[in-house]
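Below is one structure; the comments refer to it alone.
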Amino acid sequence: MSETFTKGMARNIYYGGSLFFILVFLALTYHTERTIPERTNSELLTESVVRGKLVWEENNCIGCHSLLGEGAYFAPELGNVFVRRGGEEGFKYFLPAWMKAQPTNIPGRRQMPQFNLTDAQLDDLTEFLKWSSKIDTNNWPPNKEG
């Protein structure tokens with residue numbers, strides 16, 4: 001091998017490296033596109049879940065809470081709140097009661113505003129959080145309390 005680094009060698013490294021990383025990118029894209037349908041629970045999407053997502057967006061819940069790691073970290077993670085707060089038997093009662101009790105006015109605690117959501121909106125938000133808890137997140141967050 002030559003002691004000097006020629007333009008031709010640099011060009012070959014550039015093109016070879018570019019081709020290698022383009023192929024890696026395409027392989028990872030293909031893998032992601034194949035696994036996303038298996039990891040989401042899109043077959044469980046209902047009109048109620050869609051309306052719940054709309055309630056979530058209209059009230060800017062992500063401005064304080066995070067959902068599956070996305071959003072603000074001012075308030076608790078809500079990606080697994082369905083499981084943390086009772087699952088099937090308890091959550092449909094927990095969330096509406098919690099939302100109607102806000103603000104709690106406990107000294108020294110951050111206060112969640114009262115959004116004055118209707119019962120239908122609370123039911124839809126409950127369905128949305130239930131649906132989001134069933135997304136396969138590879139056991140994230142690692143802490144049960146979010």
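The values are calculated or read from the model by the stated rules, or taken from the named source; none is laboratory data. Since this is a predicted model, take the numbers as computed values, not measurements. Glycine also receives a Cβ, built like all others from the backbone with ideal geometry; neighbour counts cover every protein chain displayed. With ligands, DNA and RNA removed, areas are computed over all heavy atoms of the protein, side chains included. Shrake-Rupley method; radii C 1.70, N 1.55, O 1.52, S 1.80 Å.
Under a Gaussian network description of the chain, with springs only between Cα atoms under 10 Å, the residue in ARG34, ARG85, ARG51 that fluctuates furthest is ARG34. Pairs of Lys residues in the chain that lie 8 or more places apart, or on two chains, and have C-alpha atoms under 24 angstrom apart add up to 12. For the chain, which whole percent of the accessible surface, found with a 1.4 angstrom probe, sits on carbon and sulfur atoms? Carbon and sulfur together cover 61 percent of it.
Across LEU125, LEU26, LEU44, mean-square fluctuation computed from a Gaussian network of the chain (C-alpha pairs under 10 Å connected) peaks at LEU26. Largest GNM mean-square fluctuation across VAL24, VAL55, VAL81, computed for the chain with C-alpha springs under 10 Å, falls on VAL24. Given +1 at the Cβ of Lys and Arg, -1 at the Cβ of Asp and Glu and no other charges, the dipole of the stretch 86-132 around its Cα centre is 360 debye to the nearest 20. Along each principal axis, taking the top coordinate minus the bottom one, the Cα set of the chain gives 77, 39, 27 Å in descending order.
Under the convention that each Lys and Arg Cβ holds +1 and each Asp and Glu Cβ holds -1, the size of the dipole of the chain around its Cα centre is about 420 debye. Sequentially through the stretch 29-42, phi angles give Karplus couplings (6.51, -1.76, 1.60; θ = phi - 60°) of 5, 4, 4, 4, 4, 6, 8, 4, x, 6, 8, 8, 10, 5 Hz, Gly and Pro residues having no value and appearing as x. Projected onto its three principal axes, the C-alpha set of the stretch 24-84 covers 39, 28, 24 Å, listed from the longest axis down. Could you tell me how far the Cα centroid of the stretch 92-144 sits from the Cα centroid of the stretch 23-47, in Å? So the two Cα centres are separated by 27 Å.
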